[in-house]
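To start, the structure itself, in structure tokens.
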Amino acid sequence: MTSIAVIRAQVENRIPGALTPYQRIEGQKIPTGIASLDALTGGLPRGALTQICASGNASVGRTTLLASTMAQLTRNQECCAWIDATDAFDPASAAAADIDLSRFLWVRCDRSRRLKPLEQAFKAADILVQNGGFGLITLDLGGIDEPLLRKVPLTTWFRFARVMEKTPAALVVLTSYPAAKSCAGMTLVLSDSQDAWTNQIDDHHARLFSHVSSAIEMETRMRKPVSSERPRFRATPVWA
């Protein structure tokens with residue numbers, strides 16, 4: 001019987017490196033502009049798929065995080081795209097967050113079309129990733145029901161991850177749970193959100209929303225060993 005060592009040597013002789021474990025080379029990062037997050041991650045990785053997850057529809061700062069990142073990119077003459085699967089994006093808030101809308105593409109998925117919003121979103125992401133020209137592409141699936149997301153085959157996420165490795169862009173997916181699993185170069189899970197409000201305004205009972213503080217659990221496969229940490233970051237609305 002031929003030993004495993006002999007078989008391995010024969011394969012390596014025919015195809016050098018075929019049995020060498022794949023290690024992803026860490027590339028450039030895009031700073032988010034949020035100090036606590038950048039200190040932990042160094043920013044969002046280019047040439048990779050990043051997933052930012054938060055359960056439910058509660059505000060945990062996902063949009064604030066991305067708005068801060070896109071504001072810096074558009075300020076540096078890079079273009080960004082936002083694929084909006086559930087038509088929830090607010091361009092007025094984006095402008096208020098200093099995003100240069102002349103360098104921003106908003107793709108709105110329409111329920112009235114033949115393709116379902118989730119299919120439209122993936123098709124749009126595929127087109128934008130393949131054609132290039134964007135520093136950051138956000139695929140917002142945060143409003144898609146989790147049972148639908150679980151039907152997305154892992155091969156779809158794997159294909160996106162591999163295609164991204166050949167580009168200088170970052171692909172960020174917003175989901176309710178870590179749908180891309182190990183295909184993501186970085187996973188940020190936002191949880192334990194704590195809302196803060198201003199004191200009563202004058203003689204009225206109204207109060208203004210001040211900020212939300214969320215815990216971040218990070219997992220990354222961009223470096224070895226796989227790391228997981230849990231700091232907090234604070235998201236503040238534009239009027240605060």
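Since every read-out is calculated from the coordinates, none of them should be taken as a lab result. The structure displayed is predicted, hence computed values, not measured ones. Neighbour counts are summed over all protein chains in view; Cβ atoms, including those assigned to glycine, are modelled from backbone coordinates with ideal geometry.
Note on segment 38-155: Kirkwood radius taken over Cα pairs, Stokes-Einstein applied at 20 °C and 1.002 mPa s, translational D equal to 141 µm² s⁻¹.
In this rough spin-label picture, where each label sits 7 Å from Cα along the Cβ direction, the Ile127-Asn76 distance is 2.8 nm. Each label was represented as a point 7 Å from its Cα along the Cα-to-Cβ direction; for Ala88 and Val163 these points are 2.4 nm apart.
Counted by Cβ distance under 13 Å from Arg108, the other residues give a net charge of -3, where Lys and Arg count +1 and Asp and Glu count -1.
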